[in-house]
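The values are calculated or read from the model by the stated rules, or taken from the named source; none is laboratory data. Just so you know, these numbers come straight off a predicted model, no measurement behind them. Reconstructed Cβ throughout: ideal geometry from the backbone, glycine too, with neighbour counts over all protein chains shown. These accessible areas exclude ligands, DNA and RNA; they are computed on the full protein's heavy atoms, side chains included. Shrake-Rupley method; radii C 1.70, N 1.55, O 1.52, S 1.80 Å.
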Amino acid sequence: MNDIETIMRTSPVIPVLVIEDAATARPLAEALVKGGLRVLEVTMRTPAALDAIREMKQVPGAIVGAGTVVNTEQFEQVMKADAEFIVSPGLTERLGDAIVGSGVPYLPGTATAGDIMRGLDLGLTHFKFFPAETSGGLKALKALAAPFYQAKFCPTGGITLATAPDWLAFDPILCVGGSWVTPKGASIEQVETLAREAAALLR
């Protein structure tokens with residue numbers, strides 16, 4: 001099993017995927033992996049999410065995780081679907097304890113110093129910064145990261161292909177999360193092209 005740092009360093013952008021129809025999951029994963037983005041976050045926002053994780057897991061080279069995991073019940077569900085990492089929009093002690101105890105790579109959402117301190121108390125050092133733009137953007141994360149020298153981040157929320165390079169240039173940021181790689185209505189070919197552009201971003 002990959003650890004969370006290895007997963008975050010695999011590619012500069014982690015696509016944040018909202019899958020409405022599980023039948024589209026495998027072709028989508030194939031296009032993203034072919035374009036150079038191997039780490040895929042399937043959000044638990046739709047009834048198709050669990051089946052989508054199972055479908056995407058069958059694509060060679062794909063590292064498939066579950067996002068928007070907000071409670072221990074969802075965590076148990078995504079574990080049965082063999083999710084390879086977990087992302088949550090925030091961090092509670094109950095959810096954090098369960099995931100940390102399982103040993104599964106975990107990226108909890110943080111937006112404040114208190115969030116990061118709660119994560120550090122659980123033994124975590126890798127965090128999602130969410131929602132990135134509306135939580136003060138790169139300026140806010142630079143201020144937050146200063147006292148937490150050991151912390152590494154994946155900012156998500158409002159980041160685009162145009163703004164991603166600025167984020168990635170900040171050393172504690174290992175990758176960014178983005179939904180721009182799979183815009184609504186995009187063809188498989190368009191997704192592959194967008195994935196190639198994202199995968200080419202320098203860190």
Legend entry - Using θ = phi - 60° and Karplus 6.51 cos²θ - 1.76 cosθ + 1.60, couplings along region 138-149 (whole Hz; Gly, Pro as x): 4, 4, 5, 5, 4, 5, 5, 5, 3, x, 10, 4
Inset, instruction - Rank R54, R94, R118 by mean-square fluctuation in a GNM of the chain with C-alpha springs under 10 angstrom and give only the top-ranked residue. - result: R94
Legend entry - I4 accessible area, 1.4 Å probe, all protein chains in place, Å² to nearest 10: 20
Legend entry - Modelled FRET efficiency - R0 45 Å, K139 with Q58, Cβ distances, 0.05 increments: 0.60
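May I ask you to list the GluC sites (Glu not before Pro) in region 1-100 that are in a DSSP loop and have at most 15 other Cβ atoms within 10 Å of their Cβ? Intermediate results must be reported in sequence, preceding the final value.
Details: sites: E5, E20, E30, E41, E55, E73, E76, E84, E93; in loops: E20, E84.
For GluC sites (Glu not before Pro) across region 1-100 that sit outside H, G, I, E and B with at most 15 neighbouring Cβ atoms in 10 Å, the list reads E20.
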Legend entry - Positive minus negative residues near A49 (Lys, Arg vs Asp, Glu; Cβ under 12 Å): -3
Legend entry - Most mobile of G90, G103, G177 in a GNM of the chain (Cα contacts under 10 Å): G103
Inset, instruction - Calculate what fraction, in whole %, of the accessible area of the chain sits on carbon and sulfur atoms when a 1.4 Å probe is rolled over the protein chains. - result: 53
Legend entry - Heavy atoms of R196 accessible to a 1.4 Å probe, total area in Å² rounded to 10: 120
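Relative contact order (percent) for region 89-129, with alpha-carbon contacts under 8 angstrom and 6 or more residues of separation?
Relative contact order of region 89-129: 46 percent.
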Inset, instruction - Determine which lysines satisfy two conditions relative to K139: a Cα distance under 28 Å, and not lying fewer than 8 residues away in the same chain. - result: K128, K152
Legend entry - Amide proton proximity set for L174, modelled H, under 5 Å, gap of 5+: F153
Legend entry - A132 long-range amide H proximity, modeled H, under 5 Å: T156, G157
Legend entry - Helical mean residue ellipticity (222 nm; -39500 (n - 2.57) per DSSP H run of 4+; nearest 500) of the chain: -11000 deg cm²/dmol
Inset, instruction - In a Gaussian network model over the chain where Cα atoms closer than 10 Å are linked, find which of P155, P147, P105 has the largest mean-square fluctuation. - result: P147
Inset, instruction - Just tell me which aspartates and glutamates come within less than 19 Å, Cα to Cα, of K184; anything on the same chain fewer than 8 places away is out. - result: E20, D21, E30, E41, E192, E197
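What translational diffusion coefficient, in µm²/s and rounded to a whole number, does the Stokes-Einstein relation yield for region 122-181 at 10 °C and a viscosity of 1.306 mPa s, taking the hydrodynamic radius as the Kirkwood radius over Cα pairs?
138
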Legend entry - Table column - 3J(HN,Hα) (Hz), region 43-49, Karplus curve with 6.51, -1.76, 1.60, x for Gly and Pro: 7, 7, 9, 9, x, 7, 4
Legend entry - Relative contact order of the chain, defined on C-alpha pairs under 8 angstrom at six or more residues apart (%): 23
Legend entry - Cα Rg, Dmax (largest Cα-Cα span) when computed across the chain, Å: 15.6, 45
